[in-house]
Amino acid sequence: DAMVIQNPRYQVTQFGKPVTLSCSQTLNHNVMYWYQQKSSQAPKLLFHYYDKDFNNEADTPDNFQSRRPNTSFCFLDIRSPGLGDAAMYLCATSRGYPTNTEAFFGQGTRLTVV
Amino acid sequence: QQQVKQSPQSLIVQKGGISIINCAYENTAFDYFPWYQQFPGKGPALLIAIRPDVSEKKEGRFTISFNKSAKQFSLHIMDSQPGDSATYFCAASGPSGTYKYIFGTGTRLKVLA
């Protein structure tokens with residue numbers, strides 16, 4: 001039973017062409033996260049939502065935007081992908097209340113920029 | 001202060017051996033310490049987690065040892081199996097209300113058959 005679902009699993013986009021990655025959850029968790037993971041590196045937090053409250057990491061490039069239209073869905077928009085944005089993008093959720101507990105990850109979207 | 005330092009970067013263990021991965025943190029406000037296992041091309045999956053009010057937690061072959069005074073915690077994999085070959089990440093989160101998970105740099109474990 002998939003709980004955090006990311007689509008697509010693989011995405012190829014052209015340099016500079018906007019791309020959107022999607023994430024949905026069936027856990028009804030308050031918090032949703034987007035992480036970027038490059039080869040052999042740790043996941044790097046881009047931003048997260050607590051409900052509709054958006055929290056951007058200070059070092060997340062302006063090229064990356066996010067939308068959370070409702071509890072279940074969250075989108076990552078890359079406005080003008082560069083070659084350096086090729087990576088695995090991971091969506092995760094956590095309950096968030098009353099204390100931090102397990103974060104559940106999706107299977108990721110592998111983004112290739114050509 | 002937000003970093004979590006993880007070692008070793010890679011580890012090779014014989015089947016049946018013990019795998020040990022170590023992590024250290026600085027921020028004493030962290031209050032939740034999970035370990036994640038990640039296979040190639042997959043998302044991380046929670047393996048085991050601990051809070052600082054206990055010094056050890058065991059689930060099957062996996063044990064977390066936690067040393068609050070030293071600000072260190074470690075993962076022990078007993079009777080390591082080839083199927084355990086994966087990348088392991090420690091993480092830290094807290095205090096409550098911050099919702100962020102800070103990941104260590106990862107350890108690539110290879111268990112030889």
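The values are calculated or read from the model by the stated rules, or taken from the named source; none is laboratory data. The structure displayed is predicted, hence computed values, not measured ones. Please note: Cβ atoms are built from the backbone with ideal geometry, for glycine as well, and neighbour counts cover all protein chains shown. Heads up: the accessible areas ignore ligands, DNA and RNA and are worked out on the full protein's heavy atoms, side chains in. Shrake-Rupley method; radii C 1.70, N 1.55, O 1.52, S 1.80 Å.
The fraction of accessible area contributed by carbon and sulfur in the protein assembly as shown is 51 percent, rounded to a whole number (1.4 Å probe; ligands and nucleic acids excluded).
Counts of other chain beta carbons within 10 angstrom of each beta carbon in peptide B:40-48 average 5.
Annotation: per residue accessible area for the protein assembly as shown equals 48 Å², rounded to a whole number [probe 1.4 Å, protein chains only]. Phi angles across the range A:46-63 convert, under the Karplus curve 6.51 cos²θ - 1.76 cosθ + 1.60 with θ = phi - 60°, into 3J(HN,Hα) values of 8, 6, 8, 10, 10, 6, 9, 6, 9, 10, 9, 6, 4, 9, 6, x, 4, 4 Hz, Gly and Pro given as x. Averaged over the residues of A:82-90, the number of partner chain Cβ atoms lying within 10 Å of the residue Cβ comes to 1.
Net charge dipole, chain A: roughly 260 debye, given to the nearest 20, about the Cα centre with Cβ charges of +1 for Lys and Arg and -1 for Asp and Glu. Shielding value for A:101-108 is 6, the average number of Cβ atoms from other chains within 10 Å of each residue's Cβ.
Accessible surface buried by the A/B pair amounts to about 1900 Å², both sides summed, 1.4 Å probe. Within chain A, antiparallel bridges make up roughly 90 percent of the DSSP beta bridges whose residues both belong there.
In the range B:15-36, the residues that give up 20 Å² or more of accessible area when the other protein chains are added, compared with the chain on its own (1.4 Å probe), are B:Y32, B:Y36.
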